[in-house]
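I'd like to ask you about the structure that follows.
The values are calculated or read from the model by the stated rules, or taken from the named source; none is laboratory data. All figures in this text were calculated on a predicted structure; none of them were measured in a lab. Here the Cβ is made from the backbone with ideal geometry for all residues, glycine too, and neighbour counts use every protein chain on show.
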Amino acid sequence: MPQYTEDDINQALEAIARGTSVKKAAFEWGIPRSTLKNRMKGHQARDIAFSDLQRLSASQESHLAEWVRIQAALGLPPLINNSRTLLNASYRSMETPSLSERTGRSLLLRETHLQWFKHLAVPEIMAIKASNRYNMDETGILEGRGSNGLVLGSSETRSIRKKQPGSRAWTSLIECISATGKALPPLVIYKGKNVQQQWFPLDLTPYESWKFTATENGWTSDSTAVKWLTEVFIPSTQPADPSEVRLLILDGHGSHETTAFMYTCFRNKIHLLFLPAHTSHVLQPLDQSVFGPLKAAYKKELGLLAEWDAGTVVGKRNFVICYGKARKAALTSKNIISGWKWTGLWPVSMARPLMSPLLLVNTSTPAKPAGQVCKGLSDGKASEKWAADTSAVPWSTPKKRDELQVQFSLFRKLDNDEHTQRLLFRKVQKGFDEKAYQLAVAQRKIEALQAEVDASRARKRKKVRMSPNCHGLWTGVRPSARPSATTHWTHQIQWRIC
């Protein structure tokens, strides 16, 4: 592979134009003389000369490379195979043959600014308006599950049963909110083969903008995610200026990383920002201030429905009604903007999620430093004393309760007796006793099963051969001297001892 760039060739040609010989210029810039002579004759660079043979034009390559660079800076760089699949999706729309693996790799090699992602600062993302920033997520609700709480009843009973109306069918919902406090229509995902008419109330006016679908397990699928993107998100968030870019913040679910989903975003100028794993409770606005009030409001509406009509079955029809009322109560502009603010996604503030109570350590009761077992000693000396004391104790694996108690007493002498330490010892002792009991019960079961196996084992019959020197004989049976109603019969057995 050549070790010179196009800039080196241009500088060498400029030097030749100023009077430098071709041989000297080729030596200084490390370029073959044949290459410089061909350029002087008017030959073009290789990528320009063979551009007509490329499957993608220069503008298409530049556009795709820019999108990949932005996605890489956001933390989800597309793999080479995924990029080739994305290119093939583009070519299917132009009715041309698919790209080969070699063609896709060559494209990435031509775009040198993609290597190692030098441009990590993405001004395109920072320039996106608040009205074009969105967060989407999926949640689930049991149709007939009400709220928890205290109830009133007679003091004569220890517990009271409360009826829960309806079924326990699972229904998923995809919600999306903007940084300006706007909520998009939801996508309701039922569990079933197809959406049925009897699932909906008679008056569908409040739900005209909603979308409904059905899957086998009631959760989103790859096709469902694309359906939401094309039928809900893109039409509802179309900016007034078609050149404006939209940002969609979402989790790393597998349905969001498919080629169809990413290609649709690519064609509609939608940049994807994937949240890190296990951080949605801190970084996702929907989880922060929307889903909690939404589910609480739904359970409240479900409880009111059960109180007014205990015989009402909360099926899919009443689920839509209760969820519609819950959305009006929970998906308010105030709650949505609060979620964006406390996650630090808008206005952008890195300190917001870092100061979350879910991430901060409770400093009200500072932990005792490791190795600090003696007051008045430094950390190093305390650690050395701790190591010396523990090595002097004859530790061994306890096998009985008494041995465990001895170990605990030795440990208490080495360290200050604290409440947490005593609690730990009690839990260990309890677990030790439970395991010992389980082991004893299991041992007895094993012995009983072994006895049953021995008893049921078939044994071969074998005649016992008597020794000719020893014979046991019955000499007869006779009644007592005076027979009566209670005559006792005696057996006289005489054995010949040999």
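Considering only residues that are among the β-branched types (Val, Ile, Thr) and part of a helix (DSSP H, G or I), which ones fall in the range 257-293?
THR259, THR264, VAL282
Something else about it: Answer with yes or no whether THR224 is among the β-branched types (Val, Ile, Thr), under 24 Å from GLY140 (Cα atoms), part of a loop (DSSP other than H, G, I, E, B) and touching a residue at least 12 places away in the same chain (Cβ under 8 Å).
no
Sort out which residues of the range 260-274 are out of contact with any strand residue (DSSP E or B) (no Cβ under 7 Å at 6 or more places or on another chain), surrounded by fewer than 18 Cβ atoms within 10 Å (Cβ to Cβ) and touching a residue at least 40 places away in the same chain (Cβ under 8 Å), and write them in order of number.
If the condition is that a residue be out of contact with any strand residue (DSSP E or B) (no Cβ under 7 Å at 6 or more places or on another chain), surrounded by fewer than 18 Cβ atoms within 10 Å (Cβ to Cβ) and touching a residue at least 40 places away in the same chain (Cβ under 8 Å), then ALA260 is the only one that fits.
For THR259, state whether it is at pLDDT 95 or above and either over 30 Å from HIS281 (Cα atoms) or hydroxyl-bearing (Ser, Thr, Tyr) (or both).
No, not satisfied.
When the residues of the range 232-256 are narrowed to those that are assigned to a helix (DSSP H, G or I) and at pLDDT below 95, which ends up surrounded by the fewest Cβ atoms within 10 Å (Cβ to Cβ)?
Result: GLY254.
Here is a further query. Whether any residue in the range 296-317 is surrounded by fewer than 21 Cβ atoms within 10 Å (Cβ to Cβ), within 30 Å of ASP203 (Cα to Cα) and modelled with pLDDT of 90 or more is what I want to check.
yes
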